[in-house]
Amino acid sequence: MKILFLGDVTARSGRDALAARLRSLREETATDFTIINGENAAHGKGITSSIYRQLIGCGADVITLGNHAFSKSEILAKWQDCPNLIRPANLMSYSVGPGWIVRECHGTRIAVINLMGTVFMDGDLSDPFATMDHILETIDADIILVDFHAEATSEKELFLRVFCEQVSAVIGTHTHVQTADEQIYHGCAYITDVGMCGPFDSILGRDTDEVIQRRFDGIATHYQPSEAPAVICGVLLEIDEATGRAMAIHRIQERP
Ligand SMILES: [Fe+2]
Ligand SMILES: [Fe+2]
């Protein structure tokens, strides 16, 4: 089973890049199932139901979120229209939406779990390790993939070591910068951060001039995403559907 995971889609730049490239990327890599983190898809923070439909229309099977899950309040009322959207299971701010999902692909049940780390992360968060234990007690799937949305590399590496025997992949998101430490650890695919699908010439997706004005000119600016062309960052996973064990992880990074 080939599973494509793409990192945080950021603003129009990232959405346009996926509209232009995701279909052909799926074909070239013979991808069976695609997961996209969409926490920054709507103007850099959050997601809306129409953007959810856009990303599904581009070829996403499941969309995960992160600390910006509820930044656009429209999604709170529209969640029932977004059946393949999940939010961090341990983010307690709102009780809307599931924190994990199971979908069938070619007769294989694929579970996708979304969790947030707590180190250097804001938000009303419960312990991701205890939450993960609880989810694993309830889940019934052949392949289990985790989007672990966290800032600290140490917390992501710890999560891998605690759960590597029980899941097929732990994919880090949130920092927007792809790391080069992809590996198979005890049959579990891992990368500390998969990187973003968003404006390459930017500061983590944010407009550089806006950040400069805020930092050096003392102007109380509002977050402004860069409109520069996007880098596409992700990983292609090969998972043995009979055992749920990962066989390969390949990094993808396409710069504009
Ligand atoms: Fe993000
Ligand atoms: Fe984030």
Counting only DSSP beta bridges fully inside the chain, the antiparallel percentage to nearest 5 is 55 percent
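Skip the ligands, DNA and RNA, and give the accessible area per residue of segment 2-254 with a 1.4 Å probe, whole Å².
Heavy-atom accessible area per residue stands at 41 Å².
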The equivalent-ellipsoid semi-axes of segment 96-216, taken as the square roots of five times the Cα gyration tensor eigenvalues and listed largest first in whole Å, are 29, 16, 15
Computed for segment 42-111: size of charge dipole around the Cα centre, +1 on C-beta of each Lys and Arg, -1 on C-beta of each Asp and Glu, debye to nearest 20, value 100 debye
With +1 at each Lys and Arg Cβ and -1 at each Asp and Glu Cβ, the charge dipole magnitude of the chain around its Cα centre, to the nearest 20 debye, comes out at 560 debye
One point scatterer per Cα, no solvent, Debye formula: log10 I(q)/I(0) for segment 1-144 at q = 0.11, 0.14, 0.18 Å⁻¹ comes out as -0.40, -0.65, -1.06
Taking the chain and counting helices only, DSSP H stretches of n ≥ 4 at -39,500 (n - 2.57) each over all residues, the nearest-500 ellipticity at 222 nm comes to -7500 deg cm²/dmol
Over the chain, cysteine residues that find no other Cys C-beta under 4.7 Å are 58, 82, 105, 197, 233
Most fluctuating of 43, 68, 222 in the GNM of the chain (C-alpha, under 10 Å) is 222
Hull volume per residue for the chain, using the convex hull of the C-alpha atoms, in Å³ is 118 Å³
Heavy-atom accessible area of the chain with neighbours in place, 1.4 angstrom probe: carbon+sulfur share in percent works out to 50 percent
Out of 20, 144, 63 - ranked by how far each Cα lies towards the positive end of the dipole of the chain, with unit charges on the beta-carbon of charged residues - the top one is 20
Mean-square fluctuation maximum in Gaussian network of the chain, Cα pairs under 10 Å, restricted to 78, 156, 45, hits 78
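The values are calculated or read from the model by the stated rules, or taken from the named source; none is laboratory data. Just so it is clear, the structure is predicted and the values come from calculations on it, not from any experiment. A quick note on method: Cβ atoms are made from the backbone with ideal geometry, for glycine too, and the neighbour counts reach across all protein chains shown. The accessibility values were calculated without ligands, DNA or RNA, using every heavy atom of the protein model including side chains. Shrake-Rupley method; radii C 1.70, N 1.55, O 1.52, S 1.80 Å.
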